[in-house]
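Note sheet for the following structure.
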């Protein structure tokens with residue numbers, strides 16, 4: 001008996017892992033690749049038990065929470081390892097970092113519940129939404145695998161993202177968990193609890209811990225009064241009802257206010273193997289394969305299209321778009337040496353560099369003109385046609401600059417505009433603190449040192465205003481939202497968001513489906529249809545309600561012809577952004593700051 005009492009007082013790490021690992025498993029099954037969304041409604045129950053537990057959590061509990069969180073992220077983001085051998089390091093580092101937010105959630109929720117006597121539902125809601133907000137902003141941010149994304153197959157629930165982004169849908173799922181947790185406690189008092197297996201960590205719990213009494217009965221938190229339970233029930237039922245009613249209303253409004261088509265867009269996808277460092281001959285092969293697929297698709301079209309969209313990097317073919325900064329050109333023409341540093345970097349004089357750039361531009365536009373004319377011939381029409389293609393961009397000014405770009409060209413192959421990716425991929429296109437670790441530069445492959453674009457660059461395609469995004473910019477919800485809000489302030493409207501990506505790096509992993517779900521929620525949040533063209537997927541036409549209208553199967557070759565409807569107005573979320581969620585983030589940080597302050601005082605004392 002003494003032995004068992006001591007064992008309960010000092011649980012092993014394996015014992016401590018049971019509840020958080022149960023949550024990790026349930027959350028993983030609720031998201032791609034399994035995508036069994038009903039599990040999301042109970043996935044937080046094991047973590048809520050940890051929040052509600054009266055006795056302080058031990059070091060082994062905190063370690064177990066971090067290990068389970070790391071396991072969840074390793075499983076969810078395992079596709080990252082396919083990109084490059086060094087990405088194993090990034091995969092582990094990113095997963096370990098994201099797991100810290102599980103600790104933030106548990107610590108803050110327990111502080112609200114036990115330290116400030118808030119109800120368990122309010123405490124969990126504040127802390128979970130707060131940690132999602134923080135991870136969407138800190139260290140460049142990541143929106144993949146948000147709790148609300150589990151509802152991507154339930155469009156009526158997704159519509160609340162038009163007001164509060166993915167956070168509103170996450171809160172919906174939290175409320176369902178709270179209601180089931182409250183129901184479980186009520187059933188426990190009556191001696192019947194169908195959720196006991198989940199609350200106890202499923203199959204990880206041994207018989208010595210499972211008596212007839214529930215976990216909650218002998219581990220009640222400070223706020224277990226009828227008043228506290230009533231607050232949770234009222235707020236949870238209220239939010240769940242509001243979300244469902246808003247979703248139904250939103251569909252009715254969108255059906256009545258459906259506008260005319262913004263145009264016809266041909267989205268091209270192939271499943272082409274890519275590498276960080278590949279010979280120019282391979283890049284040319286990829287270009288030719290995409291060109292042939294485009295011409296076949298256009299020849300099969302009965303109606304003309306306004307634009308052809310190619311995925312990220314598929315157009316370069318060893319010939320990126322090059323230009324010199326206009327101010328630098330003016331200085332050079334006036335006898336200055338503004339291009340001296342760039343010229344020296346490539347072993348040319350400033351005048352020779354300018355000549356080389358002009359020749360490269362001429363070749364690029366000649367190649368584009370040939371594709372343009374072949375496309376008109378294949379489609380059998382003389383209607384104007386635009387190409388929006390993923391292509392590298394090199395700009396020479398005071399120093400050489402390299403961008404992951406989207407280039408627009410039209411009649412005669414003339415380049416109209418280009419957009420440089422604003423939000424770069426951590427560990428993929430840049431490595432944090434690389435300037436402080438010069439020895440790392442010798443280990444990383446080319447392509448991890450890109451420059452960051454500065455502004456959104458709307459493009460006119462036919463009668464539509466297009467907002468371009470590249471790759472991760474639809475996987476970080478705030479990027480497209482901030483672009484749209486910035487353009488709205490300038491009174492520049494946007495009809496459709498076009499995103500291009502190269503997810504061929506990730507093989508046939510669930511990363512592609514996670515990326516698609518992020519795009520679905522961005523569509524609802526911004527109230528704009530999204531057209532995604534991707535190498536290997538996801539190539540899809542997503543309407544403004546987040547529904548996938550048409551797509552090409554992952555890992556296959558094909559095209560989608562999209563005719564998105566012109567939006568009728570702006571969403572509330574596009575107007576006010578994430579400001580309503582900021583208090584959740586600040587409140588979640590507060591307990592951590594207090595703990596840090598206390599720790600510093602103790603150290604000084």
Within region 294-327, which residues are more than 20 Å from residue 352 (Cβ to Cβ) and part of a helix (DSSP H, G or I)? 294, 295, 296, 297, 298, 299, 300
Which ones in region 67-95 are within 30 Å of residue 185 (Cα to Cα) and surrounded by fewer than 16 Cβ atoms within 10 Å (Cβ to Cβ)? none
Wholly within region 1-112, helices (runs of 4 or more DSSP H) carrying at least 2 residues that are more than 15 Å from residue 177 (Cβ to Cβ) and either out of contact with any helix residue (DSSP H, G or I) (no Cβ under 7 Å at 6 or more places or on another chain) or at pLDDT 95 or above (or both): 2-9, 13-16, 18-30, 59-76, 87-110
When only residues in region 145-157 that are within 21 Å of residue 24 (Cβ to Cβ) and assigned to a helix (DSSP H, G or I) count, which is nearest to the chain's Cα centre (by Cα)? 149
Quick check: anything in region 379-394 under 17 Å from residue 316 (Cβ atoms), surrounded by fewer than 17 Cβ atoms within 10 Å (Cβ to Cβ) and out of contact with any strand residue (DSSP E or B) (no Cβ under 9 Å at 6 or more places or on another chain)? no
Among (1) in a helix (DSSP H, G or I); (2) under 20 Å from residue 31 (Cβ atoms); (3) touching a residue at least 12 places away in the same chain (Cβ under 8 Å), there is one condition residue 142 misses while meeting the rest; what is its number? (1)
Inspect all residues belonging to region 399-411 and state whether any of them is assigned to a helix (DSSP H, G or I) and at positive phi. no
Answer with yes or no whether residue 278 is outside the structural domain of residue 159 (by TED's automatic domain parsing), more than 17 Å from residue 568 (Cα to Cα) and in contact (Cβ under 8 Å) with a residue 60 or more places away in the chain. no
Residues satisfying the stated conditions in region 236-252, i.e. buried (at least 17 other Cβ atoms within 10 Å of the Cβ) and modelled with pLDDT under 95: 250
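Rundown of residues vs (1) at pLDDT 95 or above; (2) in contact with a helix residue (DSSP H, G or I) (Cβ under 9 Å, 6 or more places away or on another chain); (3) surrounded by fewer than 20 Cβ atoms within 10 Å (Cβ to Cβ), yes/no style:
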position: 255; (1), (2), (3): no, no, yes
position: 261; (1), (2), (3): no, no, yes
position: 265; (1), (2), (3): yes, no, no
position: 268; (1), (2), (3): yes, yes, no
position: 291; (1), (2), (3): yes, yes, no
position: 297; (1), (2), (3): yes, yes, no
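The values are calculated or read from the model by the stated rules, or taken from the named source; none is laboratory data. Predicted, not measured: the structure shown is a model, and the values here were computed from it. Cβ atoms come from the backbone with ideal geometry, glycine included; neighbour counts cover every protein chain shown.
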